[in-house]
Amino acid sequence: MSAQFGKVGVLYGGKSAERDVSIMSGTGVHKALRSAGIEAHLFDTGVRSLAELAEERFDRVFIALHGRYGEDGTIQGALELLRVPYTGSGPLASALAMDKTMTKRIWVHEGLPTPRFETLDRRSDLAAVAARLGLPLIVKPPHEGSTIGVTKVTDLAGMRAAYDLAAEYDEQVLAEAFIQGRELTVAILGTGASARALPVVEIVAPEGNYDYEHKYFTDDTRYLCPAQLPPAVTQRVQEISEAAYRVLGCEGWGRVDVMLDADNQPYLLEVNTSPGMTGHSLVPMAAAAEGMNYESLCVEILKDARCKVSGRSS
């Protein structure tokens, strides 16, 4: 299999607030690819330069980076210039999906359901925003992942602290109507018309608090895969997730996060174009429900590595 893929780089680590998670993801992917007989090498973009990346002469790379400089189109653009085929979405789709505000604007334009939202800055009237969106609401930095900087605001007194926390990560902050219901996520494999949803995962976190700690470092969160939903609801959630992925131009693989309200109406939250691949991660869980183990999933994703701007596939 090594001859099929050549020398493979696993890009991990990076410089974002999600560096620790990326190290876990990259380590797992590297081990899986090596177990499959692929000549895979770890490359930490947080400590090594683009010049060193060029010198490695990788035949293709698996992007296991999360957050800024890894999931936002920047490394994808660099790989296009280097003409190194890579996994996942291209520069534009990566940048759009990383910006939750732009993502939601596109979804609204395309008629896809997403919670009502407003953007905030230092001049915003926080009380007026809370009145328009209603309480509780969610305040988050639109360019971070892994629930970093996210606050559920339950009363007006909490708005300022929530804004200040999110503003530590982003100049503009996203306020979003809170959807009370079930938290779902849908892994997607493929590109364009061939993109398909894997079984839906339901996340049941303690007191509904699926924060950074409960995502990666505790066993208190329960995951139901496939989610126990009526077949018609499952189909609707998968179809909306595929549409959300496609309209952003996503490729290769990704994960769409969804809230399902009491009336079984799904609301799109975000798309992750380089999802976690840790022991607690949800894409491997969804793949396993379809009979695909972690190693096979990594190889399947790697098969789709290509340059998107130049069209080079090998």
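The values are calculated or read from the model by the stated rules, or taken from the named source; none is laboratory data. Because the structure is a prediction, the values reported are computed rather than measured. Note: ideal-geometry Cβ built from the backbone for every residue, glycine included; neighbour counts use all protein chains shown. What goes into the accessible areas is simple: the full protein's heavy atoms, side chains included, and nothing from ligands, DNA or RNA. Shrake-Rupley method; radii C 1.70, N 1.55, O 1.52, S 1.80 Å.
Exactly one residue among 244, 286 is over 14 Å from the mean Cα position of the chain (by Cα) and open to solvent by less than 10 Å² (accessible area, probe 1.4 Å), and that residue is 286. Take the conditions (1) open to solvent by less than 40 Å² (accessible area, probe 1.4 Å); (2) modelled with pLDDT of 95 or more; residue 278 misses just one of them, which is (2).
The residue that is modelled with the lowest pLDDT, counting only those in segment 190-223 that are in a strand (DSSP E or B), of a type in the set (A, V, I, L, M, F, W, C) and surrounded by 16 or more Cβ atoms within 10 Å (Cβ to Cβ), is 203. Among helices (runs of 4 or more DSSP H) entirely within segment 228-314, having at least 3 residues that are more than 18 Å from residue 63 (Cβ to Cβ) and β-branched (Val, Ile, Thr) singles out 231-247. Taking first residues from segment 176-200 that are free of Cβ contacts under 8 Å to residues at least 40 places away in the same chain and partners that are buried (at least 21 other Cβ atoms within 10 Å of the Cβ) and of a type in the set (D, E, K, R), no Cβ contact under 7 Å between residues at least 6 apart in sequence or on separate chains turns up. Taking the listed residues 147, 151, the one that is more than 17 Å from the chain's Cα centre (by Cα), among the hydroxyl-bearing types (Ser, Thr, Tyr), under 24 Å from residue 221 (Cα atoms) and open to solvent by 20 Å² or more (accessible area, probe 1.4 Å) is 151, with no other qualifying. Residue count for segment 256-267 under the criterion of being on the phi < 0 side of the Ramachandran plot and surrounded by fewer than 24 Cβ atoms within 10 Å (Cβ to Cβ): the result is 8. Residues in segment 29-54 that are buried (at least 22 other Cβ atoms within 10 Å of the Cβ) and small (Gly, Ala, Ser) were compared, and the one that is farthest from residue 87 (Cα to Cα) is 32.
Could you list, in sequence order, all residues of segment 103-136 that are under 22 Å from residue 243 (Cβ atoms) and without any contact (Cβ under 8 Å) to a residue 12 or more places away in the chain? Walk me through it before giving the result.
Keep residues of segment 103-136 that are under 22 Å from residue 243 (Cβ atoms), which gives 103-117.
Matches in segment 103-136: 105, 108, 109, 111.
Specify the residue that is surrounded by the fewest Cβ atoms within 10 Å (Cβ to Cβ); the eligible residues are those in segment 64-76 that are of a type outside the set (S, T, N, Q) and closer than 20 Å to residue 6 by Cβ.
Going through segment 64-76, the residues of a type outside the set (S, T, N, Q) turn out to be 64-73, 75.
Restricting the remaining residues to those that are closer than 20 Å to residue 6 by Cβ gives 64, 75.
On the way: 64: 32, 75: 25.
Once the filter is applied, the top-ranked residue is 75.
Within segment 125-144, identify whether any single residue is charged (D, E, K, R), within 25 Å of residue 68 (Cβ to Cβ) and open to solvent by 70 Å² or more (accessible area, probe 1.4 Å), and answer yes or no. The answer is no; no qualifying residue exists. Only one entry of 61, 21 meets the criterion of being farther than 30 Å from residue 267 by Cα, in contact with a helix residue (DSSP H, G or I) (Cβ under 9 Å, 6 or more places away or on another chain) and buried (at least 16 other Cβ atoms within 10 Å of the Cβ), and that entry is 61. When segment 77-98 is limited to residues that are farther than 19 Å from residue 188 by Cα and not basic (Lys, Arg), the one that is surrounded by the most Cβ atoms within 10 Å (Cβ to Cβ) turns out to be 79. Just give me the residues in segment 27-47 being in contact (Cβ under 8 Å) with a residue 40 or more places away in the chain and either farther than 14 Å from residue 303 by Cα or not in a loop (DSSP other than H, G, I, E, B) (or both), in sequence order. The answer is 28, 29, 32, 33, 35.
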